[in-house]
Every structure is written in C-alpha cells, then in structure tokens.
Number of protein chains: 2
Amino acid sequence: MAYLAADLTIPPLDADARAAAADRQSQLTKPPGSLGRLETMAADIAAMQSTAEPTVDPAVVVTMAADHGVAAEGVSAYPQSITAAMVRNFQDGGAAVNALCDADGIENVVVDMGVAGETPDDIVDHAIADGTANIAERPAMTRTQAHEAIAAGRSVVTDHTAARIVGLGEMGIGNTTPSAAITALLTDRSVDEVTGHGTGIDEETRARKADVIERAIETTDPDPTDPVDVLRSVGGFEIGGLVGVALEAASRRMPVVVDGVIAGAAALLAAEIDPRVADYLLGSHASAEPGHEAQLDALGLDPCFDYGMRLGEGTGAAVAIGVYRAACAVHTEMSTFAEAGLNVE
Amino acid sequence: MAYLAADLTIPPLDADARAAAADRQSQLTKPPGSLGRLETMAADIAAMQSTAEPTVDPAVVVTMAADHGVAAEGVSAYPQSITAAMVRNFQDGGAAVNALCDADGIENVVVDMGVAGETPDDIVDHAIADGTANIAERPAMTRTQAHEAIAAGRSVVTDHTAARIVGLGEMGIGNTTPSAAITALLTDRSVDEVTGHGTGIDEETRARKADVIERAIETTDPDPTDPVDVLRSVGGFEIGGLVGVALEAASRRMPVVVDGVIAGAAALLAAEIDPRVADYLLGSHASAEPGHEAQLDALGLDPCFDYGMRLGEGTGAAVAIGVYRAACAVHTEMSTFAEAGLNVE
C-alpha cells in the first residue's frame, strides 16, 4: 500500500477539540449529560473536524453506481439493466436517496463507476469498464483498475472540498455478493453468516449466493492481508470508488457516514489500507443484511437507528446526517449558563 | 369523563388511507419493504391524517412549563427558580429545544401553565397558579384546575390548526416526581421501578424521591380509574396541559409525538380519558428514565432511537420529527416504477 499512501496523510483526531467540545457541553443550559449520545456525536465530529464548532453543512452523499458480472449467476432479484435505469432515476430525482437528501438539505452526487448500460450525460463519469468480470469465474478487475477506482473516489472528494461531512452510497445489481465476500475475508465471520437476502431473494437463492461467494473466493484466491488484492479479486468498481472517498475524506478531516453492507465493505477495505481512516467513520443505520453487524463490530461503529432498511443508495447515511446535524446544532447553538444569565449554584 | 368528551370526537384511523399508502409504497422505485420502518411510519401518519400524502409540515413542538410544590421535598438536583429561568432561555432561543427545532424546521410554542417565578410577557400565558401544591402533603390542584389545565392545552392546539404534527415538550423542576406517580398508578409497575434519577440526583436522593411518591399516593389517595382525579392528586399543570394538547390534536387528526417521561405521563392520562387518542401517538426517543419503558409498553409505542436522552423540553420529539419528515418525504417524493419508466418484470 506504500504508493497508495504516499500522497495521503490522515491526521490524528484532535484531542484538544474534543476536550473543548466536552467543556462547552458542560456549560450549556441543561443538566450535564442529559442529551446523551447527541453530546458524544458532537464531540466526535469536533475531534474529526478539529474545531469547537462541529457542523455537517454542507453535507454530501456520494452515490456510486457500477455493474457486476456475478449478476449472471442469478444472485439478485433484479436484472442487471436496473442499475442503469436507477442511475437515470437518480438523475431525474425520483429515487429514495433523492427524496431523503432533499428533505435533509444534503447534496447528492451520483457517479458512474462502471455501469454496463447507458447513463445520462450529466452524471459524474468515472466509468472504469462495463461492469466487473464474474467473480465466480475470474477476478473482478485488474490491479490497475482497482487503483483507478480508488483514485476516482478520491477525486470526487477533491471536487467537493467545501463539504463538512460525506455519506457513502451505492447502486449496483448484485453488489451485496462482492460485499459479503469482502466481509467474510476481512472479518472473522463465515461466508454463510454474512450472506443475506439482498433486494429480496428467497432462501434457496440465498444459499446458492453463498455457494457462489465461496466459489469466488476459492477461484480468485485473494490475499486477505492485501486490501487492493481483495478489491481486485472479489470487489466492485463502486466499492473501490467508495474506498477512495473514505480515504480522501478522512485525509481532509471530513467525517464519513457509512451506509449499509456495500458501504460497510468499502469502509473495511479503506481501514485495511490505512487504519487511521477508522477514526473518521460514523455509523448510520443498522441494516437488515446480516453482514452489516460484522462490519460495524470490526469497525467499532454504533448505528444511530435500526429501521430494518436494506436499500442502499446512501439512504441510511442521509437520514443519519439529519441526526448528526441535530447533534451539532445543540452543541453550537445553545446558550451557556453564563450567556443565559442562569446561576444554578 | 363524559363532559370532557362532549365536544371532543377523536375519529378512527383511516384504513383506506393506510391501504393507499401501502399500495403506493409497493409501486415506488425500490425493492418492496426495503425502507423498513420508514415505510410503516409514513403509512401510520397517512392513516392518522387521512391522506395518501402524509406530511409533518408545518410541525409544532409545544413546550409547557409549570412549577411543582413537591420540589420543596428536595427531589430535584436544581432549585425551583430554574423553571422560570429556563422559560426565559426558551424565549431567548438559547435552550436545547430551540436549537433542535431550528435545525429541524419546527415551530416551538412555549406556554406558561403555572410557573412560580416571573415569565416573559411574550409567552403564551395559561398560568393556572404559582405552581402546584406539594403532593407529599395534599393534592396537587383542585378538580377545577385539572379541567382548566386540560382546556388550556386544547386551546393551544386550536390556536395552531395549520400544524400537521405536534410534539409534546415540558419544563418544570421536580416534574419527574408527579410523572413517576402517574406512571405507577396507570401501569402495572411499582413506584420504585418507575422512579429515576431525573436531572441527575444520586441514588440516596432517588430512594427518598420514591418514598415521597409513595407518601403522595397514600396522602392524596387518587382513584386510578379516574384520570382527572389522578391529575388533580399527583399531577402538574404542564402535564394537564399536555393531556389537552394530545386530546385536541388527536381530534384534529394531528399525530402527537411523545417525548420523555413527563410527556409520557400526559399521554397515559390522555389515553385513559379517551382510548382513541392512543391511535394518534407516535414514539420519539427511548428515555434514560426508567418509567419511560413502562409508558411506551402501556401505550404500544416504539421509540425511533435510544440516545440516553433525559432532558425533556420536547428535545426527543424534535429530533424524531426530523425522522418522520424523512419517512414522509420518501413516501410522497419518490417516483413509482411507472413514473420512472422502469420495468422490472
């Protein structure tokens, strides 16, 4: 990973900013600790952003789309053509992530990382190929493509340097399959434990999906200590892109809000490339997909809520950014006892 | 309760609107059920509002303030004067509920229901007395005052009929004490089980607080089957006001977002006065106070999140309204498969 890290420096969390945030919390007009986790959320973001005034605004959710050759194995409830169709839906503003970003005042950036079908001209185009190879038969991509995907993700962040927080989102028919493979390789869980029903497959299909993942790992034989090799072998272009988003955002002190299992797989890879990235990750929802809990465990992340969501796109991240905004708002907008002229002695 | 209900009709939930909402959810551009609880939140609000297009806007959080004679028993970590001081802080925009309402686009209405100290001239003034009597010695209020408090709460809602959702908030030093008494009387839990540390008292003080509550129930001897008698005996003016808010809001098909244990005690009383009000209640946070879980159980409410909050003011309700807004936004703003020209057959 040496050359990946050569131009990437992820700073340590700012302990002074965290202490200043905790000190401010103790002076706000409320009983100490009475806002519970909202207080620690604000302090965490303060330490990441190196400021006593943490904020989520402007907020961006990056939704990266790509196709997966493994879809040919029938691992999804939907045909591959849905990926391109949903990208058009994103651009038309009709998808769940659009509605949630609009409701929460978040910019949504949609990126073509390698969609097989045609995508709109106005999309951010970092397409690496027309989808990955079928990992049940051969590696998903070349090592060069893996590096290209990560570099593309980094460039999306450098194109949005005003953002103070970034959410990880994705779209790609079949992409819970590479995510489960990555999760099994990078955590202590078995393939079967981390393989779920994705967009809604039945139990028979889920069992076949687990077999496909076992076969993919056997065939491509990735080195689990080399995250770029894992990405090359069983990954996806959008997953590689999100790895780059997480790395670059962390280097710029932007908190990174993880979404469901695909974003979680990218976060696992990013933390394997540079463990310091884990300091900048924030939880969003607890996904209905079984691999998510393994990912959150490995990354030490607490979800903000558990609504049984399993859509991806960055939908969980978008809702969570609303909660983090609330946490930052109480932290920065409330009066202190002194400001309010309140004497509680 | 006959004459309380004489001019109050709480309509049944609209099953057709719920069915239409579920039907719409099945046509939106996402796998069926993939937004989990966000989908049921939208359907619940659709049934309450009797519309296929549920919304939380405009949203109001009503923060009712009053003092409590029982504060003289040393049941709180703060002196009674803090109630009036915090009301001034609300009016100056410096409290947690102000910051959260501002962040979430919610109007905050502060009501003096019976604060002992001086409150600002621009506050909504429904003050019934300079605080309740000390319930350890005598009933909190007269039966007439209990009815006045409920009527005042109802009038606050009739002054805000444009609101589509209302959150219950409160401020009153000592008010977890009457709330615990009400909760013990109206659920199957013991006083000790539902008596917590409030704003931050130690275990010794908490045990004394439980003794005070036992003594209050013994001395005032309320009839637990008569909610107005419970309110009169061990209640508070802000609690009575919130009972009225819940009743009137439900009668107008406004969803009512319950906050912590004081709002929860008011919700229990309202549901005892008219069980149909329970159809219009929505959960917000899971409070750190032990009585809250007993209340949510009795009312059949699921919290949206558990952040260990224990501040009141309507802070949990304000954060939850942001989540309900997200649920309504995906429901109403997303495209259907037909609208997006997406064919998944």
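Just so it is clear, none of the values below were taken in a lab; they were calculated from the coordinates. Model, not experiment: these values are computed from the prediction. Cβ: placed from backbone, ideal geometry, glycine included. Neighbour counts: every protein chain shown.
Classify the protein assembly as shown from the C-alpha gyration tensor, please: rounded if a/c falls under 1.5, else prolate or oblate depending on whether a/b exceeds b/c. Provide the component values of the computation, followed by the final result.
On the way: a/c = 2.40, a/b = 1.86, b/c = 1.29.
The shape class here is prolate.
Largest GNM mean-square fluctuation among B:GLY241, B:GLY291, B:GLY117, using chain B with Cα springs under 10 Å: B:GLY117.
In this assembly of identical copies, the label point of B:ASP121 (Cα plus 7 Å along Cα-to-Cβ) is separated from its counterparts by 6.4 nm, sorted shortest first. Annotation for A:THR161 and A:ASN343: the two label points, set 7 Å from Cα along the Cα-Cβ direction, are 5.0 nm apart.
For segment B:225-345, the spread of Cα coordinates along the three principal axes comes to 63, 31, 22 Å, biggest extent given first.
Arranged from fewest to most other beta-carbon atoms within 10 Å of their beta carbon, A:TYR280, A:TYR78 become A:TYR78, A:TYR280. Among the residues of B:19-30, the average count of other protein chain beta-carbon atoms within 10 Å of the residue beta-carbon is 2. For B:GLU107 and B:THR219, a Förster radius of 41 Å and the Cβ-Cβ distance give a FRET efficiency of 0.55, rounded to the nearest 0.05. Here the residues A:ILE213, B:ILE128, ranked from fewest to most Cβ neighbours within 10 Å of their Cβ, fall in the order B:ILE128, A:ILE213. The coefficient of translational diffusion for segment B:59-324, derived via Stokes-Einstein from the alpha carbon Kirkwood radius under 10 °C and 1.306 mPa s, stands at 91 µm²/s. Structural descriptor for chain B: relative contact order 24 percent, calculated from alpha carbon pairs under 8 angstrom and at least 6 residues apart. Here is how far apart the A:ASP7 label points are across copies: 7.3 nm, shortest first, using a point 7 Å from Cα toward Cβ.
FRET efficiency for the B:THR336 to B:ALA72 pair, using the beta carbon distance and R₀ = 56 Å, is estimated at 0.35. Near the amide H of A:LEU281, within less than 5 Å, lie the amide hydrogens of A:VAL256, all on another chain or at least 5 residues away, with H placed in the peptide plane.
By the helix-only formula, in which each DSSP H run with n ≥ 4 contributes -39500 (n - 2.57) and the sum is divided by residues, chain A has a 222 nm mean residue ellipticity of -14500 deg cm²/dmol.
Annotation for B:ARG215, label-to-label distances across the other copies: 7.6 nm (shortest first, one decimal, point 7 Å from Cα along Cα→Cβ).
Look at A:VAL330, B:VAL245 and count the other Cβ atoms within 10 Å of each Cβ; fewest to most, that gives A:VAL330, B:VAL245. Modelled this way, with points 7 Å down the Cα-to-C-beta line, the labels at B:ASP130 and A:GLN27 are 3.4 nm from one another.
Using a 10 Å cut-off on Cβ to Cβ distances, tally the other chain neighbours for every residue of B:102-112 and report the average as a whole number.
Numbers: counts 3, 12, 5, 2, 0, 0, 0, 0, 0, 0, 0.
The shielding value for this peptide is 2.
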